[in-house]
1. Among ARG138, ARG48, ARG128, determine the one that fluctuates most according to a GNM of the chain built with springs between C-alpha atoms less than 10 Å apart.
2. Can you quote the Å³ per residue value for the convex hull of the Cα atoms in the chain, rounded to an integer?
3. How many nm is it between the label spots at ASP42 and PHE129, if each spot is 7 Å from the Cα in line with the beta carbon?
4. If you plug each phi of the stretch 132-148 into the Karplus form 6.51 cos²θ - 1.76 cosθ + 1.60 with θ = phi - 60°, what whole-Hz ³J(HN,Hα) values come out, in order, with x for Gly and Pro?
5. Could you derive backbone 3J(HN,Hα) for the stretch 103-111 from the dihedral phi with the Karplus parameters 6.51, -1.76 and 1.60 (θ = phi - 60°), listing whole Hz in sequence and x where the residue is Gly or Pro?
6. Arranged by the count of other C-beta atoms within 10 angstrom, fewest first, what order do GLU52, GLU119 take?
7. Around CYS106, which amide H atoms from residues at least 5 apart in sequence, or from another chain, sit under 5 Å from its own amide H, with H modelled in the peptide plane?
8. Quick one: angle between helix 114-126 and the longest Cα principal axis of the chain, in degrees between 0 and 90, rounded to 10, please.
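A short reminder: the numbers here are calculations on the coordinates, not readings from a lab. Because the structure is predicted, anything quoted here is derived from the model rather than measured. Neighbour counts are summed over all protein chains in view; Cβ atoms, including those assigned to glycine, are modelled from backbone coordinates with ideal geometry.
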Amino acid sequence: MRIALGADHAGFEFKQQVSDILTSLGHEVDDLGAHRFDPLDDYPDFTRPVAESVATGSADRGLLVCGSGVGASIAANKIAGIRAAMCHDTYSARQGVEHDDMNVLCLGARIVGIELARELISAFLGARFSAEERHVRRLAKVKAMEAS
């Protein structure tokens, strides 16, 4: 799977570890920045290219890292076609894909350790949308909200 990866200053160091995890799991990583530590950078500057990469199909899924995961999640969801969520437990990381077709995982570098991140990433990337009627119906309603 091709994964678009991005992080701001708060997730900069953690991003390299996440990239290593993705590679070790056999995924192709498209690192969209930050490419150098800048304590004054802003998470939307790295969230946008990751979200757009997923929305256009250049990447299969996205992974964003900021301090808490909240800012990246908020920003990513402003891009049409993106269903991003901050997940700090494996149930949400898996179920978000299975039920809600989540396509971007947001992690908080100041919240989760690297071993939990490994579990979250595995749960997120190992999950598939169920396509059950109730989930398809709900997703259609979300898409209608996005279009209005």
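1. Looking only at ARG138, ARG48, ARG128, the largest GNM fluctuation is found for ARG138.
2. Dividing the Cα hull volume of the chain by its residue count gives 91 Å³.
3. 3.1 nm
4. Taking θ as phi minus 60°, the curve returns 5, 3, 5, 6, 5, 4, 5, 5, 4, 5, 5, 5, 5, 4, 5, 6, 8 Hz for the stretch 132-148.
5. Karplus-based 3J(HN,Hα) across the stretch 103-111 equals 10, 9, 9, 10, 10, x, 5, 8, 10 Hz.
6. Least to most surrounded, the residues fall as GLU119, GLU52.
7. Those lying under 5 Å, H to H, from CYS106 are LEU64, ALA85, MET86, CYS87.
8. 30 degrees
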